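Comments concern the structure below.
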Amino acid sequence: MHGLERAVWVGAALAVAGAAIAAIVTVTSGDFGETDGRAVLALAAVLLCGGTAIAALHLLERGLPLLGAILLVAAAVELVLFQLGIWKAEFGDGSNDYFKLVPITLAWAIATVLLATVPLVAVDRSLILAAAPAVGAFALVGATIATVLIWRESDSQAWGKTLAVVGILLVAGYLLTAITRRLLTGPAPSSTQP
């Protein structure tokens, strides 16, 4: 690992540790209130978007630079939108459009973390080429439907069921990718000697 690359990873590790310490101090000092809840949500957003960013960096290293770069940018944008929604939203009866950013961004963050990790789960190039487009399509369609439903505050049962079916297909496709990889390659070699 080169000096600059190592410095970036060390910086990321320090940022994560600092965020965790700040969240713990916020939560443990005094009564648990709205600010504490927002701090926990903000940390969860960092975890989800950070996971996507780390997976995207691995994609850059493993020969999928376009996908890795797109997902890295998406993770950063999602983190900003999450924080905006978490800290600017009015919770309760007076909820505003900032409030909608949280579930909408969550839908897109789930889509991007799955898009970022399915090539890492698949490993084999032919399996990546078969699984990534299908899982990616379900992820993007699901996030799009969720966005429309949330933004329009729709309670359409038909669209809700459509989203559920897309979600089921997404989860099944993702898990079947991991299972197929295991069936095709067998168990990983042991790193320890008996």
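The values are calculated or read from the model by the stated rules, or taken from the named source; none is laboratory data. The model shown is predicted, which means the values in this text are computed figures rather than measured ones. Note: ideal-geometry Cβ built from the backbone for every residue, glycine included; neighbour counts use all protein chains shown. Quick note on the areas: whole protein, heavy atoms, side chains included, nothing else; ligands and nucleic acids left out. Shrake-Rupley method; radii C 1.70, N 1.55, O 1.52, S 1.80 Å.
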Fill in the blank from the handout: Expressed in square angstrom to the nearest 10, the accessible area of Glu34 with a 1.4 Å probe stands at 120
Practice task
Would you work out the charge dipole size for the chain about its Cα centre, treating the Cβ of every Lys and Arg as +1 and the Cβ of every Asp and Glu as -1, and quote it to the nearest 20 debye?
Solution key: 720
Problem - For region 45-101, accessible area per residue (1.4 Å probe, heavy atoms of protein chains only), Å² - result: 54
Handout entry: Farthest toward positive dipole pole in the chain [+1 Lys/Arg, -1 Asp/Glu at C-beta], among Ser126, Gly136, Val46
Key = Ser126
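From the gyration tensor of the Cα coordinates in region 24-107, what semi-axes in whole Å does the equivalent ellipsoid have, largest first, with each one equal to sqrt(5λ)? Let's see the in-between values first.
Numbers: eigenvalues 174, 51, 8 Å².
Gyration-tensor ellipsoid for region 24-107: 30, 16, 6 Å.
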Problem - Mean separation of Cα contacts under 8 Å (6+ apart) over length of region 1-155, as relative contact order % - result: 18
Exercise for the section: With the full set of protein chains in place, find how many percent of the accessible area of the chain is carbon and sulfur; take the probe as 1.4 Å. Expected result: 71
